[in-house]
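Encoded as structure tokens, the structure appears first; notes follow it.
The values are calculated or read from the model by the stated rules, or taken from the named source; none is laboratory data. Treat the numbers as computed from the prediction; the structure is a model and nothing was measured. Reconstructed Cβ throughout: ideal geometry from the backbone, glycine too, with neighbour counts over all protein chains shown. Heads up: the accessible areas ignore ligands, DNA and RNA and are worked out on the full protein's heavy atoms, side chains in. Shrake-Rupley method; radii C 1.70, N 1.55, O 1.52, S 1.80 Å.
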Amino acid sequence: MPTTANIRKESAVFKGLLLEKTGDAFSAQVKDIGEASLPLGDVLVRLEHSTLNYKDALAICNKSPIVRKWPMVAGIDGAGVVEESNHPAWKPGDKVILNGFGVGESHWGCLAGKARLKGDWLVRLPDAFTPRQAMAIGTAGYTAMLCCQALERFGVTKGQGEILVTGASGGVGSIAIAILAGWGYDVVASTGKLQEADFLKSLGAKAVVDRSEYSQPGKPLQKERWAGAVDSVGSHTLVNVCAQTRYRGVVAACGLAQGMDFPATVAPFILRGVVLAGVDSVYQPLAVREAAWAKLATDLDRTKLDAITTEIGLDQAIGAAGDLLAGKVRGRLVVNVSG
Ligand code: NDP
């Protein structure tokens, strides 16, 4: 017969994707985690959904020094319900989103049934979204919004010309296309998955180009084409995009899927006044996060979001992380962590 104590005990153990390292031996496994082992924090969140971002995949596959404390529960994003709170802004039952702030890197993350987090890191889940939809957006989609907002903040307006989105079939890229097309921009998608051209057009791209046109070293200044660009790829791609950006155009750069290098000249910046707007999502202040999420709530087409989203279970996350790094994933992977 279940007693309150038993129920409490059962709910105090949950599944989580634990990353461990001893010497050179690394492991990523779904394990039982006790609530008592969670790190300090003033809000305990019962997570419903998390997601796999590029950074999560790097951590889970041990491909980059993402994790800074071992062992670590992976997951830089989570959405769920507050279970306990000592923070004035939050009470049990509140629905919340967590993006970044080093969670899944230096503080135990959200690819788990529960997380103990700092209340200052949390954003209220907009009424417009379920936790699953919020995680379909995740850091990738919230960053896509920050990039699109950066284009407008630095002066790009509709009617100035085409906007290029690189890494188009990925998380940031696919949501950036949906946002920009919804705002009435002429969007061109750059992809390595030309077989996904119809999908990218269904999100709102008016044309699709082969990413191989941008991935090799090019001339410092090239024929002017783009009024703006959202780049999640970096390296030669970002250099070529800047070199093709029109006078006073804006390039929002947030990613490194091709590489972290930037083997460029200053020519586009000093001769064409091109603005290179760097975009970080991890440590943005609360007001910026809330504004981005509010804009996503009003402006992101839910039908397109559904088309971008694939749901997986926690036990599938490790395999999916490898696929994501291999560039095989289209759109966004939501992870159901409630099971
Ligand atoms: P995804 O893996 O979902 O998408 C990346 C896409 O980039 C791929 O789908 C692929 O698109 C393209 N790509 C992959 N490998 C290469 C390559 N070698 N050369 C050129 N293009 C490539 O990742 P996300 O969209 O989640 O993240 C994209 C980048 O943005 C990552 O580097 C991530 O770390 C970064 N990021 C940064 C944030 C920040 O705060 N600054 C926040 C979120 C993400 P296609 O096949 O269509 O070409």
task = Go through segment 186-212 and give me each residue that's within 11 Å of the ligand (Cβ to nearest atom) and in a helix (DSSP H, G or I).
result = LEU194, GLN195, GLU196, ALA197, PHE199, LEU200, ARG211, SER212
task = Being more than 14 Å from the ligand (Cβ to nearest atom) and part of a strand (DSSP E or B) is the filter here, so list the residues in segment 316-337 that pass it.
result = ASN336
request  = May I ask you to list the residues in segment 149-180 that are open to solvent by 10 Å² or more (accessible area, probe 1.4 Å), within 16 Å of the ligand (Cβ to nearest atom) and of a type in the set (A, V, I, L, M, F, W, C)?
outcome  = VAL172
task = Quick one: which residue in ALA291, ALA264, ALA257 is assigned by TED's automatic domain parsing to the domain that holds HIS236 and within 17 Å of the chain's Cα centre (by Cα)?
result = ALA257
